[in-house]
Number of protein chains: 2
Amino acid sequence: MEKLFVVKIGGNVIDNDNNLSAFLTSFANIPGRKILIHGGGKIATKIGDQLGVESKYVNGRRITDDATIDIVTMVYGGLVNKKLVAQLQAKGCNAIGLTGADANIIPAVKRPVKEVDFGWVGDVNATGLNTANCRLFLDNGIIPVLAPLTHDQQGHILNTNADTIASSIAVALSAAYDVRLIYCFEKKGVLENVDDDNSVITLITRAKYKQLLNEGKLFAGILPKIDNAFDAIEAGVKEVLIGHADDLMQNTTENTSGTLITN
Amino acid sequence: MEKLFVVKIGGNVIDNDNNLSAFLTSFANIPGRKILIHGGGKIATKIGDQLGVESKYVNGRRITDDATIDIVTMVYGGLVNKKLVAQLQAKGCNAIGLTGADANIIPAVKRPVKEVDFGWVGDVNATGLNTANCRLFLDNGIIPVLAPLTHDQQGHILNTNADTIASSIAVALSAAYDVRLIYCFEKKGVLENVDDDNSVITLITRAKYKQLLNEGKLFAGILPKIDNAFDAIEAGVKEVLIGHADDLMQNTTENTSGTLITN
């Protein structure tokens, strides 16, 4: 099978123009098939503030009301997404900016109201992803750049976690490609010692993960990321890489510098 | 050759939710290959006002400064474009929302500064349109929905007139398809008597146009639209139709109710 790199970047890369430009150069230089998924960055909150739309939270989780979905549609789907696409085009990468509504790539369902009404938030319909259209793009040299937005197939855009979109699309395309899912974050990888940025654990297998858990060596905040990585691997993704955005190029090779997670 | 309908709607359709929904139902029902190009509507001005960005004009023409290009990228490329795409998806039309930067569909050049610096305004590079990617979408049942934005291939989004985008894409694709370019506006067609909405001139050939001009029967405001239509026909478009958004469905048949312009 052909290789496919599914790369997710967060707001910390998007918010800094110099970091972003360097990152996009690396991404443009990855040979072959690749997909970029981006988060939002601080700009949505800033524009929301300017428009007088207050960010609402319940138990620390953001609520996407009518005004907020319009803002994230504008900012994530418009401003941020098209900025990335235009810059990638300038670097010779034939990017296409998409939300989950475009070509019906990522259908979702509005999260059911239980204790909390999250508003216009979408849970990905994992078995419904339009992999045929993704493959059409990838196999014709067109590089999808996905905003963290999906749709309910009833006419509404939904706000969706970018990490979830990345793992969903990686899983859905793992039947057609050898997928490496790369999460770029602010550290070089999973650290054995949180105070030492150079203590990267370069390989985590299931056996190694058990051992690390038993030894109590891992920082609690990283555990959900590793659990999600193994969920993606269980569902078909070949390997997951957690590393720094600056190390993207190396982390697409066999000689990775971040943390490679595999069975 | 297969038929292709290139349909342009303006702000008057976008600004009214009921009109828009009815229009999108008609558009979704057009069989075969089709492209939608949308203008902006009043929402960009409204959001600009809320963000404290003043609309600047020189000689009645809008200037697209740094703050304004961000707003139109958000509003045209994000809010309006994704609203149309999500609603078309709900109506069974496999729409994909694009700016000219996406898949490099419409490269442009930043308008050179002469008497006036229009800012981030793009003049379409008419011979550079990526017709291969357009055809890839169209021939695979994916329906492009184009925002009035292009790019300079150097990393910048540019503001571009929606009528120009519509005619440029219609011309570029006329080598591959029998193209009917449909401009939806607020009248049923070109009127013989501007005070009588039912006095539509149903067919304008070049000979008929000369005759109408000689008779002084045409309203001056419509002349640029007709001139542009003949320019498009000269460049390969089979026919141009000027009509009301409500009449879209009929205007895709042979039994048109608007004004059909042809050689």
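The values are calculated or read from the model by the stated rules, or taken from the named source; none is laboratory data. All figures in this text were calculated on a predicted structure; none of them were measured in a lab. Reconstructed Cβ throughout: ideal geometry from the backbone, glycine too, with neighbour counts over all protein chains shown. For accessibility, only protein heavy atoms count, side chains too; no ligands or nucleic acids. Shrake-Rupley method; radii C 1.70, N 1.55, O 1.52, S 1.80 Å.
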The range B:65-93 residues near the modelled residue A:66 label - backbone nitrogen below 18 Å, point 7 Å along Cα→Cβ: B:79-80, B:83-84, B:87
Let's test this: bin the Cα-Cα distances of the range B:74-195 at 5 Å from zero up to the farthest pair and state each bin's percent. 2, 10, 18, 21, 20, 14, 9, 5, 2, 0
With all protein chains modelled, accessible area of residue B:70 [1.4 Å, Å²]: 70
Can you tell me the FRET efficiency between residue A:116 and residue B:215 if r is taken as the Cβ-Cβ distance and R0 is 51 Å, rounded to the nearest 0.05? 0.15
Less than 15 Å apart at the alpha-carbon level, and either on another chain or at least 8 residues along: which aspartates and glutamates does that give for residue B:46? A:70, B:15, B:54, B:70
Label distances, nm, residue B:154 versus same residue in remaining copies, Cβ-directed 7 Å point: 4.8
Measuring from a point 7 Å out along Cα→Cβ, what nm distances, shortest first, does residue B:56 have to its partners in the other copies? 3.8
Quick one: give the max-minus-min coordinate of the C-alpha atoms of the range B:102-142 along each principal axis, largest first, in Å. 45, 16, 10
When only alpha-carbon atoms count, how far does the protein assembly as shown stretch along each of its three principal axes, as whole angstroms with the largest first? 93, 50, 48
Sequence neighbours fewer than 8 away in the same chain don't count; with that in mind, list the aspartates and glutamates whose C-alpha is under 15 Å from residue B:3. B:139, B:178, B:239, B:254
In straight Cα distance, which aspartates and glutamates are under 14 Å from residue B:208, not counting same-chain residues fewer than 8 positions off? B:192, B:227
Whole-angstrom gap from the range B:135-176 to the range A:112-184, using each part's C-alpha centre: 25
Simple SL model, points at 7 angstrom along Cα→Cβ for residue B:255 and residue A:25; separation in nm is 6.3
Taking the alpha-carbon centre of each part, the distance from the range A:1-68 to the range B:1-72 in Å is 25
Other-copy label distances relative to residue A:213, 7 angstrom Cα-Cβ extension, nm: 8.0
Which longest run of chain B has no exposed loop site in it, a site being GluC sites (Glu not before Pro) in a DSSP loop with at most 14 other beta carbons within 10 Å, and the site itself not part of the run? B:116-185
Hydrodynamic radius (Kirkwood) for chain B, which is based on Cα pairs only, to one decimal in Å: 18.8
Can you work out which chain A residue has the shortest Cβ-to-axis distance for the rotation that carries A onto B, and give it in Å? A:78, 1
Measure off 7 Å from each Cα along the Cα-to-Cβ vector at residue A:16 and residue A:161, then give the distance between these two points in nanometres to one decimal. 2.5
Residue A:187/residue A:154 FRET efficiency (R0 41 Å; Cβ-Cβ; nearest 0.05): 0.55
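Output the antiparallel fraction of DSSP beta bridges having both residues in the range B:3-261, as a percent to the nearest 5. Before the final figure, lay out the partial values.
On the way: 13 of 42 bridges.
Of all bridge pairs located within the range B:3-261, approximately 30 percent are antiparallel.
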